[in-house]
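Nothing in this text is a laboratory measurement; each read-out follows from the coordinates by a stated rule. Because the structure is a prediction, the values reported are computed rather than measured. In this analysis, Cβ positions are derived from the backbone assuming ideal geometry, glycine residues included, and neighbour counts consider all displayed protein chains.
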Amino acid sequence: MTWPNEECSAVELSDGEVLTVQLESAQTLKEQAPQLLTDILEMSAFVNYRRVQAGEPPILIISGHIGA
């Protein structure tokens with residue numbers, strides 16, 4: 001995911017594009033599988049961290065609604 005245009009990825013982004021992953025059931029995920037939600041968020045943070053460390057902009061956004 002750090003370099004989505006590599007051969008092993010089915011995702012192709014143009015320069016400057018960002019991939020947004022919308023979690024439609026983020027609230028349910030938080031309630032029923034909180035560790036999975038944490039893992040998803042940490043994975044996306046790590047992808048962006050690796051890119052920033054390499055001098056590239058962040059590329060991955062995780063989106064979803066979680067109520068109070």
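Across the stretch 1-50, the qualifying residues are those that are closer than 11 Å to Ile61 by Cα and small (Gly, Ala, Ser), and the one among them that is surrounded by the fewest Cβ atoms within 10 Å (Cβ to Cβ) is Ala45. Candidates in the stretch 38-68 are the residues that are touching a strand residue (DSSP E or B) at 6+ places or on another chain (Cβ under 8 Å) and not β-branched (Val, Ile, Thr); of these, the one that is farthest from Asn5 (Cα to Cα) is Gly64.
Tell me which residues, restricted to the stretch 12-26, are under 24 Å from His65 (Cα atoms) and either without any contact (Cβ under 8 Å) to a residue 24 or more places away in the chain or not in a strand (DSSP E or B) (or both). Those that are under 24 Å from His65 (Cα atoms) and either without any contact (Cβ under 8 Å) to a residue 24 or more places away in the chain or not in a strand (DSSP E or B) (or both): Glu17, Val18, Glu24, Ser25, Ala26.
What do you reckon, is Leu29 in a helix (DSSP H, G or I) and either touching a Lys or Arg at 6+ places or on another chain (Cβ under 8 Å) or not small (Gly, Ala, Ser) (or both)? Against the criterion (in a helix (DSSP H, G or I) and either touching a Lys or Arg at 6+ places or on another chain (Cβ under 8 Å) or not small (Gly, Ala, Ser) (or both)), Leu29 qualifies.
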